[in-house]
Amino acid sequence: MSIDLMRRCRQCGTRFRLFPQPQFIEPFQEPETVWLSPRAGMVGPGPSDDRMYVIDPIDKPYPYGIARGAYGSPFFYYPPWNGPIHPPPLPDKDGHFDRLSVGTRAFEAAHAYGVARFVLDIWEDYFGRPIRWHFLRDYDWLEIVLLRALGNATAGYGFMELGSDVVDGDLQLFSLNFDIIAHEMGHLILYSEVGLPNLNALAGEFFGFHECGADLVALITVLHFDSVVERLLEATRGNLYTFNELNRFAELSPNKEIRLAGNSTKMSRFAAGWTDEHDLSEPLTGALFDILVDVFHDKLVQRGVISPEVDALMDQLERRRQLADVIQAFFDRAYAENQEAFRLALLEARDHMGIALAETWRRLSPDYLNYHDVGDAMLEIDREMTGGRYLDDIISNFRWRGIGMVAVGPRIVTPGEASHAFSSRTLTPTGRTCLPRLSYRERWDVARRCHMVPP
Ligand SMILES: [Zn+2]
C-alpha cells in the first residue's frame, strides 16, 4: 500500500480487525486493526458499501452456480439472496467495526468484508484506478455469502461464497481465513482485469495462470501487515528461500494441500498432460516468487546491505541445497546488523511486484493465454518501469522453469469438485439458455427454497 493510501485511510477511513493468519497456524493470536478506505460512516450494516456487501443467510439451500431442482433438473442459481438472514453487524457510533467480539457471527461477517475490502484497496492502489467488477452489466455489488455447509470457497459472477472445513477435529471457518478470501479476491480481480476467455480459445495454462495470480494477490496483500513482515524476517533472518509463512501457501483447499510459492516445479512435469490447475500453477508461481526474491536482493544491494558480488554468488548458490547452510550463515550475520534495511527492502520489493503484476495483467488477453505471454509482458513492463533493471532476472527465472520451451500437454482427467477452473466460477447468465426449462413442480420448489423467480 502506498504511503499516500495509508495516510488517506488513517485520516478518514473505517476501522476493522483482521486475523492475518488462520488460527490453526497461530492459535492464540489477536486480530489486528486495519484502516479501510471507505470513510467512517460510509460502511453500512452487513457490512456493506458501494462495492460489496456480506450476508449470513438462513437456510440457503445450495451454493450459487448450477444447482438441481427437486427432480434433479439443473438450473442457473445466481445472486442476490432475497431470503431471511441473521442480523447483520452494525457500525459503532463513529462508523467503525472494530469493537465486535471474536467468536460471534457478527465478527465473522465483518472479518469477511474487511479482508475483501483490504485486498481491493491495495490492488486498486497498485492498478492506480478502480477495478471494475466483471459482472457490472448485471450487478452493482459483490455479494459475499457466509455458507458454512459449503466445504469450499468460490467466487464467480457477482458472488463469493465462504464455507468451512474440519481440520484436525476443529471447525475452520473460511470467513476467518485471510489467505482464502484474498485468494478468491485474486480470482475476481483477474476476471475483471484479464477477462473470461472465449471457450474456443481456452488454453490449459489459463487455469494455472489464474491460480498463480490468485495466490500472488494473497501473498503480496498479507505482506501489508507489519506483524507478518516482522515475523517473516525474524524467522528467516531475511533468507526468503527457507520454509516460512510467506511461501507456505495456506489456501486450505478441499484436499488439504498446502502449496509452496517457493517450489522447484518445472514445466517438463506437465509435458505429457496435467490434471489439476493448482499443480499446473506451480512453475509460474515459483518463477514469480523467485523474481520477487531477486528484486528484494537488489533492494538490499541498493541499500548497501549486501555487495553486488555476494548477490551474484547467491543467485548461483540458491538452487544448490547442499550450500543452504552457507547462505543462511551469511543472512544471519547481515540481518543482525541491518534489520530496518531488510524491512524496507522487503516492502519496496513487495510494492514493485504489486505494480508490475497489475501492469502485466492489464495487458494480457485471456484467449490462448500461456505462461510465455506473461513473461513477455513482464519484460516489456520492466523496460518501462526500471529501464530493464530486472530483465536478466525475469529471463533466467522463466527459462529455469522451462517456460516458453516446454509446451503443456492436454488435460488428462475431467475437472473434479476442487477445481477452481470450471463450474460456477466462469459461468455467466448468458449460458442459462442452454439448460432445459424446469417442470412446474420444480419451479415452485426452487421459488420457495431459493427465494427467487426460477429460470
Ligand atoms: Zn483458486
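The values are calculated or read from the model by the stated rules, or taken from the named source; none is laboratory data. Since this is a predicted model, take the numbers as computed values, not measurements. For neighbour counting, all protein chains shown are included, and Cβ atoms are generated from backbone atoms with ideal geometry for every residue, glycine included.
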Can you work out which of the residues in the stretch 425-449 that are modelled with pLDDT under 75 and part of a helix (DSSP H, G or I) is surrounded by the most Cβ atoms within 10 Å (Cβ to Cβ)? Arg425
On the given criteria, is Gly156 under 23 Å from Leu280 (Cβ atoms), away from the ligand (no atom under 15 Å from the Cβ) and of a type outside the set (Ser, Thr, Tyr)? no
If you check Arg343, Arg383, which single one turns out to be within 21 Å of Ala218 (Cα to Cα) and among the charged types (D, E, K, R)? Arg343
Are there any helices (runs of 4 or more DSSP H) wholly within the stretch 285-393 with 3 or more residues that are over 19 Å from the mean Cα position of the chain (by Cα) and touching a residue at least 24 places away in the same chain (Cβ under 8 Å), and if so which? 324-337, 339-363, 371-386
Subset of the stretch 67-100, residues closer than 13 Å to Val446 by Cβ, of a type outside the set (Ser, Thr, Tyr) and not in a loop (DSSP other than H, G, I, E, B), comes to Ala67, Arg68, Pro74, Phe75, Phe76
What residue, of Leu171, Leu146, Leu90, Leu120, is modelled with pLDDT of 95 or more, surrounded by fewer than 17 Cβ atoms within 10 Å (Cβ to Cβ) and among the aliphatic types (A, V, I, L, M)? Leu90
Could you figure out which of (1) of a type in the set (A, V, I, L, M); (2) surrounded by fewer than 21 Cβ atoms within 10 Å (Cβ to Cβ); (3) within 16 Å of the ligand (Cβ to nearest atom) isn't true of Ala214? (2)
Scanning the stretch 128-172 for residues that are acidic (Asp, Glu) and farther than 19 Å from Ile66 by Cβ, which turns out nearest to the chain's Cα centre (by Cα)? Asp165
Is it true that Pro61 is within 19 Å of Leu150 (Cα to Cα), touching an Asp or Glu at 6+ places or on another chain (Cβ under 7 Å) and in a loop (DSSP other than H, G, I, E, B)? no
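Listed here are the residues, each with its yes/no results for (1) more than 13 Å from the ligand (Cβ to nearest atom); (2) touching a Cys at 6+ places or on another chain (Cβ under 6 Å); (3) modelled with pLDDT of 55 or more.
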residue: Thr242; (1), (2), (3): yes, no, yes
residue: Arg248; (1), (2), (3): yes, no, no
residue: Lys256; (1), (2), (3): yes, no, no
residue: Ser264; (1), (2), (3): yes, no, yes
residue: Arg269; (1), (2), (3): yes, no, yes
residue: Thr275; (1), (2), (3): yes, no, yes
residue: Leu280; (1), (2), (3): no, no, yes
residue: Pro283; (1), (2), (3): yes, no, yes
Going through the stretch 138-164 one residue at a time, which ones are more than 18 Å from Gly114 (Cβ to Cβ), part of a loop (DSSP other than H, G, I, E, B) and not aliphatic (A, V, I, L, M)? Asp138, Tyr139, Asp140, Arg148, Gly151, Asn152, Tyr157, Gly158, Gly163
Restricting attention to the stretch 394-404, which residues are buried (at least 19 other Cβ atoms within 10 Å of the Cβ) and either of a type outside the set (Gly, Ala, Ser) or within 22 Å of the chain's Cα centre (by Cα) (or both)? Ile394, Asn397, Phe398, Arg401, Ile403
Look through the stretch 360-372, keep the residues that are within 13 Å of Ile394 (Cβ to Cβ) and crowded, with 19+ Cβ neighbours inside 10 Å, and return whichever of them is modelled with the lowest pLDDT. Tyr371
The listed residue being surrounded by fewer than 19 Cβ atoms within 10 Å (Cβ to Cβ) and modelled with pLDDT of 90 or more, out of Gln328, Gln316, Gln302: Gln302
Just the residues that are more than 19 Å from Trp123 (Cβ to Cβ) and of a type in the set (Phe, Trp, Tyr), please, taken from the stretch 160-183. Phe174
Of the conditions (1) farther than 29 Å from His352 by Cα; (2) in contact with a helix residue (DSSP H, G or I) (Cβ under 6 Å, 6 or more places away or on another chain); (3) away from the ligand (no atom under 16 Å from the Cβ), Asp125 fails just one. Which one is it? (1)
Tally time: how many residues in the stretch 167-204 are in a helix (DSSP H, G or I) and either within 16 Å of the ligand (Cβ to nearest atom) or farther than 14 Å from Gly114 by Cα (or both)? 21
Quick check, is Asn198 within 19 Å of the chain's Cα centre (by Cα) and either buried (at least 23 other Cβ atoms within 10 Å of the Cβ) or touching a residue at least 40 places away in the same chain (Cβ under 8 Å) (or both)? no
Does Ala407 count as of a type in the set (A, V, I, L, M), surrounded by fewer than 19 Cβ atoms within 10 Å (Cβ to Cβ), outside any helix (DSSP H, G or I) and modelled with pLDDT under 80? no
Among the residues of the stretch 10-58, write down those that are in contact (Cβ under 8 Å) with a residue 40 or more places away in the chain, in contact with a Pro (Cβ under 9 Å, 6 or more places away or on another chain) and over 14 Å from Tyr113 (Cβ atoms). Pro20, Glu32, Ala40, Gly41, Pro57
